[in-house]
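First comes the structure, then the notes that go with it.
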Amino acid sequence: MAAEGRLAPPPRPTFPLKMAARKGRRPDRSAPARRCPECSEIPGGRGEEEVVAVRRRRRRRRRAARSHGRAPLPGTLRAVAAAGAEPDPRGARCGRAEGHSPPPQALAAPGAAPSPPPLGLPPRAERGRMTELQSALLLRRQLAELNKNPVEGFSAGLIDDNDLYRWEVLIIGPPDTLYEGGVFKAHLTFPKDYPLRPPKMKFITEIWHPNVDKNGDVCISILHEPGEDKYGYEKPEERWLPIHTVETIMISVISMLADPNGDSPANVDAAKEWREDRNGEFKRKVARCVRKSQETAFE
């Protein structure tokens with residue numbers, strides 16, 4: 001009677017194995033193991049039951065490692081982060097520890113041609129050689145243009161035919177100025193990364209000018225390094241820009257001779273005389289420089 005009143009045992013679950021594993025129930029091993037579409041195309045691919053079992057074992061090992069204070073599994077993101085290293089995506093995905101993944105050459109087929117280098121910027125030394133080559137080509141082109149189409153007020157050439165980065169220029173004193181009639185010789189020294197940075201200009205002929213120091217170095221905005229002026233006197237567009245050429249530099253220098261800038265002088269004594277005694281001591285010193293330049297112009 002007791003046996004008749006006892007309830008019949010519930011039927012065994014027939015829902016999919018993945019759902020059974022998710023709910024913690026024992027999957028029905030009598031059902032055929034299913035394969036995912038990708039694995040079914042590969043001979044010897046793992047069935048779904050085997051994949052679930054592998055995942056379950058991995059979870060148990062991680063829980064055991066956390067509970068017993070052991071180090072995490074090698075190759076996992078936790079293990080790499082704990083060691084203070086950058087995670088290896090392929091190592092974390094396939095279970096290899098960082099540094100144990102085979103190099104790309106080992107994965108290539110025997111006898112295969114080596115893969116080309118990745119696209120991107122060349123090494124720093126190679127970039128330096130490329131910049132220097134481009135700079136030399138640009139200077140050669142500008143020199144040829146000035147020789148073909150001379151600009152009134154100055155002439156330019158190379159100090160040494162084998163060195164494109166050192167030029168010599170002759171500047172004719174602009175008319176209707178104190179420098180009229182003078183022939184002033186100067187040198188231009190270009191950096192290897194021209195036109196990214198400006199050249200240096202130095203008068204070889206003695207000249208008395210507020211914007212030329214006593215050593216002959218020219219100090220004007222167009223020859224100052226590009227960017228902001230830390231003293232706030234010049235705007236960035238007034239300083240050097242890569243669009244400038246030798247012609248624009250020389251035009252600015254000729255304009256400087258005609259109209260000195262006394263606000264930021266390189267020669268303080270000349271600037272003071274230009275402001276306070278322009279037609280006196282300043283004029284006499286400039287006239288002496290003009291006569292001397294005429295005497296030594298073609299030496």
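Evaluate region 144-152: report whether one residue or more is among the β-branched types (Val, Ile, Thr) and either within 31 Å of the chain's Cα centre (by Cα) or closer than 15 Å to ILE251 by Cα (or both). Yes, region 144-152 contains a residue that is among the β-branched types (Val, Ile, Thr) and either within 31 Å of the chain's Cα centre (by Cα) or closer than 15 Å to ILE251 by Cα (or both).
For TYR231, the criteria (1) over 25 Å from PRO150 (Cα atoms); (2) not in a loop (DSSP other than H, G, I, E, B) hold in every case but one, which is (2). If the condition is being in a helix (DSSP H, G or I) and under 25 Å from HIS187 (Cα atoms), then region 284-299 contributes LYS285, VAL286, ALA287, ARG288, CYS289, VAL290, ARG291, LYS292, SER293, GLN294, GLU295, THR296. If I filter region 124-132 for residues that are surrounded by 14 or more Cβ atoms within 10 Å (Cβ to Cβ) and modelled with pLDDT of 60 or more, do I get at least one hit? Checked region 124-132: at least one residue is surrounded by 14 or more Cβ atoms within 10 Å (Cβ to Cβ) and modelled with pLDDT of 60 or more.
Here the condition is being charged (D, E, K, R) and not in a loop (DSSP other than H, G, I, E, B); of GLU152, GLU168, GLU225, it holds for GLU168 alone. Looking across region 154-174, the residues that are crowded, with 17+ Cβ neighbours inside 10 Å and either farther than 17 Å from LYS185 by Cα or in contact with a strand residue (DSSP E or B) (Cβ under 8 Å, 6 or more places away or on another chain) (or both) come down to PHE154, ALA156, LEU164, TYR165, TRP167, VAL169, LEU170, ILE171, ILE172, GLY173.
Each row is one residue, and each column tells you yes or no for (1) surrounded by 15 or more Cβ atoms within 10 Å (Cβ to Cβ); (2) modelled with pLDDT under 95; (3) not assigned by TED's automatic domain parsing to the domain that holds VAL169.
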position: TYR233; (1), (2), (3): no, yes, no
position: ARG239; (1), (2), (3): yes, yes, no
position: VAL246; (1), (2), (3): yes, no, no
position: ILE251; (1), (2), (3): yes, no, no
position: LEU257; (1), (2), (3): yes, no, no
position: PRO265; (1), (2), (3): yes, yes, no
position: ALA287; (1), (2), (3): yes, no, no
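The values are calculated or read from the model by the stated rules, or taken from the named source; none is laboratory data. This one's a predicted model, so the numbers in the text were calculated from it and none came from an experiment. Quick reminder, even Gly has a Cβ in these numbers, built from the backbone with ideal geometry, and neighbours come from all protein chains shown.
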